[in-house]
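See structure below.
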């Protein structure tokens, strides 16, 4: 088994054991669900973040991505982890954060980080249901002159988000789909 396959297997286990919850939940979209992925339980865990970051760095290296960012707060640990691990692996990727609202003081920025206009970027989030958070980040990146080249997530709930993101003209690659973790969606 390759290192990447071993890491995927371990991340699958962590997502199922730490992030997957059952009950009655209201999602960001306002929809109700009987299951929920609290991926911050994985992305704020040292092992989980290191593994997810290395898997994403591997994909970004293949895609020729220079920077990674996403909408605060789901993307924040992923962006920091990818930036750190990319440096350690000798394939540095710059990180940036897309604010939900512009900074109210100082520079009034929407995007935090040192990423120049025209740069090919990856947009990330921890979980995708409708795709709304990634789409907001894609729109803001475009408005700031960045080139969203691909979108990644740890888990695609397979509830229409992938299609919505790809309708924005950005390829979408989840590390896992719900059906890969638990069978059919």
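One table, with the values for the structure above:
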quantity: Of all residues making up the range 25-76, the number that are within 21 Å of residue 117 (Cα to Cα), outside any helix (DSSP H, G or I) and touching a residue at least 40 places away in the same chain (Cβ under 8 Å); calculated: 9
quantity: Filter result for the condition that a residue is within 25 Å of residue 35 (Cα to Cα), under 15 Å from the mean Cα position of the chain (by Cα), modelled with pLDDT of 95 or more and surrounded by 19 or more Cβ atoms within 10 Å (Cβ to Cβ), over 123, 82; calculated: 123
quantity: Qualifying positions in the range 118-142 - out of contact with any helix residue (DSSP H, G or I) (no Cβ under 7 Å at 6 or more places or on another chain) and either under 16 Å from residue 76 (Cα atoms) or outside any loop (DSSP other than H, G, I, E, B) (or both); calculated: 120, 127, 132, 133, 136, 137, 138, 139, 140, 141, 142
quantity: Residue within the range 160-178 that is at pLDDT below 95, over 17 Å from residue 70 (Cβ atoms) and in contact with a strand residue (DSSP E or B) (Cβ under 9 Å, 6 or more places away or on another chain) present; calculated: no
quantity: Flag if residue 97 is at pLDDT 95 or above, part of a helix (DSSP H, G or I) and under 15 Å from the mean Cα position of the chain (by Cα); calculated: no
quantity: Those residues of the range 164-180 which are at negative phi and without any contact (Cβ under 8 Å) to a residue 12 or more places away in the chain, in sequence order; calculated: 166, 167
quantity: Search result, residues across the range 77-94 that are under 24 Å from residue 162 (Cβ atoms) and not in a loop (DSSP other than H, G, I, E, B); calculated: 77, 78, 79, 81, 82
quantity: Count of residues meeting criterion [surrounded by 15 or more Cβ atoms within 10 Å (Cβ to Cβ) and assigned to a helix (DSSP H, G or I)] in the range 143-185; calculated: 7
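Matching residues to (1) touching a strand residue (DSSP E or B) at 6+ places or on another chain (Cβ under 9 Å); (2) modelled with pLDDT under 95; (3) surrounded by fewer than 22 Cβ atoms within 10 Å (Cβ to Cβ):
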position: 7; (1), (2), (3): no, no, yes
position: 18; (1), (2), (3): no, no, yes
position: 21; (1), (2), (3): yes, no, yes
position: 30; (1), (2), (3): no, yes, yes
position: 39; (1), (2), (3): yes, no, no
position: 50; (1), (2), (3): no, no, yes
position: 54; (1), (2), (3): no, no, yes
position: 59; (1), (2), (3): yes, no, yes
position: 69; (1), (2), (3): yes, no, no
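The values are calculated or read from the model by the stated rules, or taken from the named source; none is laboratory data. Computed from a predicted structure; not experimentally measured. No Cβ is skipped: glycine too gets one built from the backbone with ideal geometry, and neighbour counts run over all protein chains shown.
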